[in-house]
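The values are calculated or read from the model by the stated rules, or taken from the named source; none is laboratory data. If you're wondering where the values come from, they're calculated on a predicted model, not measured in any experiment. Cβ sites come from the backbone with ideal geometry, for glycine too, and all protein chains shown count toward neighbours.
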Amino acid sequence: MSADKLITDRPRRSAMYTPGANERALEKGRDVPADILIMDLEDGVAPDAKDFARDNILRVLGEGGYGRREIGVRINGAGSEWHEKDVAAIVTSGAEMLVVPKVDSPDTVIAINKLMEAANAPAEMQIWCMVETARGVLNASAIAAAHPRVGALLIGSADLTKDLRAQHMPDRLPLMTSIQLCVLAARANGLTVLDSPFFDLSDDDGFLESCRQGRSMGFDGKTLLHPKTVAGANAIFGPSDEEIAWAHKITAAHEAALAEGKGVTLVDGQLVEGLHVEEAQRLVRMAEAIKELEAASA
């Protein structure tokens with residue numbers, strides 16, 4: 001496991017897809033307050049626009065101006081006619097990760113890494129794997145551990161629902177086992193894990209509830225389809241003021257208890273021990289990192 005995978009405090013609350021063929025959207029991405037921008041060469045681009053989209057992405061990345069937000073590029077999948085061209089072009093573009101659709105097995109990761117090395121990819125460039133099929137879910141742990149470049153798993157619920165022959169339901173009950181297996185695989189391997197997009201852009205309440213559900217299940221953030229959803233995702237996947245106040249309170253109480261030779265203490269009637277303080281301190285570090293990111297983007 002690479003050292004970077006152990007850094008879990010980097011804000012990854014929101015990751016917005018932006019179609020590579022849409023020049024205006026790529027340029028406006030410089031002002032979108034998402035933690036991550038994923039420039040898209042796959043589903044968001046028509047077959048006859050793939051080369052044009054790739055050139056657009058290379059141009060805007062060359063121009064820069066995206067601040068400290070992370071930049072990824074979703075390439076076309078293994079086996080497609082554009083796959084190898086995408087890898088060769090993007091690895092030296094300045095993007096920080098390749099986002100790979102429909103990763104079914106660790107073999108896909110190994111093959112992509114070979115292409116990356118042949119194209120002189122930076123050693124720190126990551127591979128982010130989209131899990132969108134039944135086979136991908138069953139292989140999630142092996143995919144997560146396939147290579148040190150693997151930095152994240154992303155749930156692709158639309159394709160996964162289709163592959164399972166399941167139904168789209170607001171509570172996502174048909175996907176719950178698949179989601180939990182992916183979260184387990186990510187956590188066991190020290191990876192980020194991102195929730196799937198919410199597709200009904202007219203249902204603001206449904207989107208927010210999907211974010212709340214995703215955070216409760218352990219996701220670090222959510223992939224998004226429109227700038228209007230960024231603020232909601234950032235708010236829900238980031239620590240609230242109340243959570244930070246509680247974190248400081250229990251940390252101080254725990255330190256006082258330790259000074260008295262006690263391993264546990266009560267705070268407002270709740271039992272507090274080391275594991276609670278560790279999570280509290282993680283939230284505090286996350287809040288500090290968010291402030292730094294937002295200050296740099298202002």
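Values as computed for the structure displayed
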| item | result |
| --- | --- |
| Residue tally, condition under 17 Å from residue 90 (Cβ atoms) and in a loop (DSSP other than H, G, I, E, B), over region 113-146 | 7 |
| Restricting region 187-209 to residues that are in contact (Cβ under 8 Å) with a residue 24 or more places away in the chain and of a type in the set (Ser, Thr, Tyr), the residue that is surrounded by the fewest Cβ atoms within 10 Å (Cβ to Cβ) | 192 |
| When residues of region 123-132 are limited to those that are buried (at least 21 other Cβ atoms within 10 Å of the Cβ) and not aromatic (Phe, Trp, Tyr), the one farthest from the chain's Cα centre (by Cα) | 132 |
| Residue match in region 49-57 (condition: among the acidic types (Asp, Glu), farther than 24 Å from residue 195 by Cβ and in the same structural domain as residue 192 (by TED's automatic domain parsing)) | yes |
| Subset of region 237-277 that is under 30 Å from residue 74 (Cβ atoms) and out of contact with any strand residue (DSSP E or B) (no Cβ under 8 Å at 6 or more places or on another chain) - its residue that is surrounded by the fewest Cβ atoms within 10 Å (Cβ to Cβ) | 239 |
| Single unsatisfied condition, residue 124 versus (1) within 25 Å of residue 175 (Cβ to Cβ); (2) out of contact with any Phe, Trp or Tyr (no Cβ under 9 Å at 6 or more places or on another chain) | (1) |
| Condition broken by residue 120, with the remaining ones in (1) within 30 Å of residue 142 (Cα to Cα); (2) in contact with a Pro (Cβ under 9 Å, 6 or more places away or on another chain); (3) loosely packed, with under 15 Cβ neighbours inside 10 Å satisfied | (2) |
| Pair list, Cβ under 7 Å, 6 or more apart: region 160-186 residue buried (at least 19 other Cβ atoms within 10 Å of the Cβ), other residue assigned to a helix (DSSP H, G or I) and of a type in the set (Ser, Thr, Tyr) | 160/178; 175/157; 175/161; 185/141 |
| Number of the condition not met by residue 67 [criteria: (1) at pLDDT below 95; (2) surrounded by fewer than 19 Cβ atoms within 10 Å (Cβ to Cβ); (3) over 20 Å from the mean Cα position of the chain (by Cα)] | (3) |
| Qualifying strands (runs of 3 or more DSSP E) (wholly inside region 180-298; at least 3 residues being touching a Gly at 6+ places or on another chain (Cβ under 7 Å)) | 192-195 |
| Positions within region 34-44 being buried (at least 16 other Cβ atoms within 10 Å of the Cβ) and at pLDDT below 95, in sequence order | 44 |
| Some residue of region 38-56 being under 15 Å from residue 224 (Cβ atoms), assigned to a loop (DSSP other than H, G, I, E, B) and among the hydrophobic types (A, V, I, L, M, F, W, C) | no |
| Any hit, region 97-108, residues being in contact (Cβ under 8 Å) with a residue 24 or more places away in the chain, in a helix (DSSP H, G or I) and touching a His at 6+ places or on another chain (Cβ under 7 Å) | no |
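Matching residues to (1) of a type in the set (A, V, I, L, M, F, W, C); (2) in the same structural domain as residue 225 (by TED's automatic domain parsing); (3) closer than 19 Å to residue 39 by Cβ; (4) surrounded by fewer than 18 Cβ atoms within 10 Å (Cβ to Cβ):
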{"position": "92", "(1), (2), (3), (4)": "no, yes, yes, yes"}
{"position": "112", "(1), (2), (3), (4)": "yes, yes, yes, no"}
{"position": "135", "(1), (2), (3), (4)": "no, yes, no, yes"}
{"position": "139", "(1), (2), (3), (4)": "no, yes, no, no"}
